[in-house]
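**Q** Below you'll find the structure I mean.
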Amino acid sequence: MNLFRNLLLWILLAIVGALAWHLLAQDPGYVLVRYRGWDYTTNLLWVGVAAVVALFVLWLLWALIALPLRAWRQRRDQQSRARLGTGLEALYHGHYARAEKLLPQAGDDSDAAVALLASSRAALARGDHDAARRHLDAIDVRHALTRAIGHAELSLAEERPTDALVALDAPAAQPLSPRGLALRAEALAVSGQAGEAYALLGALRQQQALPDTVLAERELRWSAAAMRQAADANALADRWESLPKPLRSEPTIVTAYAERAAALGWDAAATSSIEQALATRWDERLAARYGSLPLARYAERQAAAERWLQQHPGSPALLLTLARLARLQDQPQPAMDYLQRALAQGAGGEGWEELGHNYAQLGDDARARAAYGNALRAMRGEPVVVIE
């Protein structure tokens with residue numbers, strides 16, 4: 001592209017020169033120069049040639065004078081970039097002190113910004129947060145986004161998400177790059193604003209700021225956190241309805257929604273969300289959480305669980321749920337039957353703990369203590385003892 005542009009420039013100059021020569025050949029003009037009694041006459045053509053030669057000589061003199069300065073500048077740039085490369089390699093190898101010594105000596109302008117950012121990471125890697133901050137503050141204001149990203153990374157490492165948001169929201173740092181956008185979303189999530197972080201997922205996907213697997217994991221995490229952080233039932237309903245349909249059957253999200261709905265006294269929404277999710281895809285964790293939600297509706301939940309038991313007779317979580325609901329309705333014998341079946345299916349520590357609760361409700365303290373002891377043994381992976 002440069003060769004074509006230069007060739008075009010020379011062709012244009014040649015055309016202009018030919019036109020000028022043609023015009024001057026028809027009428028060369030007359031030029032008189034008089035200075036202190038000395039006269040010199042010529043035509044306009046030779047004046048133009050003399051002007052071009054004079055300009056060329058001046059350019060050549062300037063090039064010769066600037067040659068040492070240009071050579072010195074090129075050598076300095078080469079040394080600076082060599083230090084930058086060596087410093088980045090030292091940072092990659094874990095020689096943080098050496099990297100921090102070499103990198104600030106690297107280049108000007110963009111090279112200096114990259115070098116100072118790398119120096120900050122080297123200082124952070126060796127635990128010197130104050131030095132890391134000094135390196136970031138030294139970045140030129142022309143690289144405000146680079147400095148903002150560095151400060152955001154440092155603030156998140158120090159568990160100061162609000163400071164990270166302040167750095168990234170600075171007007172000089174706009175518009176944010178994909179890395180800056182990813183850091184802003186993480187800072188929002190850490191600072192308890194998971195709903196706002198979730199809203200940035202579309203932009204993160206569009207800019208390919210994170211791998212698809214990471215985005216999928218954060219979508220689940222931020223969605224669940226947004227449910228738990230809902231201020232009231234209306235906000236919870238809005239966030240739930242805004243979710244894509246597949247996410248409304250994800251166990252972690254459904255559990256977070258049901259727990260928050262139960263905490264807000266929205267019992268029907270809490271139970272129906274788990275019921276719909278289990279109808280879509282069976283999950284043992286949701287089946288267990290269905291029976292342990294801190295709300296009433298015992299009979300309704302028990303009826304639903306008994307219907308599911310016909311389809312999943314060997315589910316330890318479902319048997320444990322039925323045992324809990326029976327105990328909460330003061331039905332110790334059905335609860336005992338369900339618990340025996342749950343333990344036989346591998347209910348583990350939770351099953352033994354629930355058995356302890358059942359024995360305690362019956363007033364059998366000795367067997368309750370034995371059941372609680374088995375719960376601890378099961379959680380530790382130790383063999384349980386037989387309760388007579």
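The values are calculated or read from the model by the stated rules, or taken from the named source; none is laboratory data. Please read these numbers as outputs of a predicted model, since none were measured by experiment. Don't worry about glycine lacking a Cβ; one is built from the backbone with ideal geometry, like all the others, and counts go over all protein chains shown. When the accessible area is computed, the model is the full protein with side chains, heavy atoms only, and any ligands, DNA or RNA have been set aside. Shrake-Rupley method; radii C 1.70, N 1.55, O 1.52, S 1.80 Å.
**Q** Do any residues in the stretch 208-223 that are open to solvent by 80 Å² or more (accessible area, probe 1.4 Å) have Cβ atoms under 9 Å from those of residues that are not in a helix (DSSP H, G or I), where the two are at least six apart or on different chains, and which pairs are they?
**A** none
**Q** Testing Pro316 on (1) touching a Leu at 6+ places or on another chain (Cβ under 9 Å); (2) open to solvent by 80 Å² or more (accessible area, probe 1.4 Å); (3) in contact (Cβ under 8 Å) with a residue 24 or more places away in the chain, one condition comes back false. Which one is that?
**A** It is condition (2) that Pro316 fails.
**Q** Could you say whether any residue in the stretch 242-249 is in contact with a Leu (Cβ under 7 Å, 6 or more places away or on another chain) and either in a helix (DSSP H, G or I) or open to solvent by 50 Å² or more (accessible area, probe 1.4 Å) (or both)?
**A** no
**Q** Could you please let me know if Glu350 is open to solvent by 80 Å² or more (accessible area, probe 1.4 Å) and either without any contact (Cβ under 8 Å) to a residue 12 or more places away in the chain or among the acidic types (Asp, Glu) (or both)? Outline the logic, then answer.
**A** Details: open to solvent by 80 Å² or more (accessible area, probe 1.4 Å): yes; either without any contact (Cβ under 8 Å) to a residue 12 or more places away in the chain or among the acidic types (Asp, Glu) (or both): yes.
Yes; evaluated as a whole, the condition is true for this residue.
**Q** Say we look at the stretch 95-135 and pick out the residues that are modelled with pLDDT of 70 or more and not in a helix (DSSP H, G or I); which of these is farthest from the chain's Cα centre (by Cα)?
**A** His95
**Q** Related question: For the stretch 136-169: of the residues being of a type in the set (Lys, Arg) and surrounded by fewer than 22 Cβ atoms within 10 Å (Cβ to Cβ), which is farthest from the chain's Cα centre (by Cα)? Break it down stepwise before answering.
**A** Our first condition is that a residue be of a type in the set (Lys, Arg); within the stretch 136-169, this holds for 142, 147, 160.
When the remaining residues are screened for being surrounded by fewer than 22 Cβ atoms within 10 Å (Cβ to Cβ), the result is 142, 160.
Numbers: Arg142: 24, Arg160: 15 Å.
If we take residues in the stretch 136-169 being of a type in the set (Lys, Arg) and surrounded by fewer than 22 Cβ atoms within 10 Å (Cβ to Cβ), then Arg142 is farthest from the chain's Cα centre (by Cα).
**Q** Do the conditions hold for Arg285, that is, is it assigned to a helix (DSSP H, G or I), under 24 Å from Ser315 (Cα atoms) and within 30 Å of the chain's Cα centre (by Cα)?
**A** Yes.
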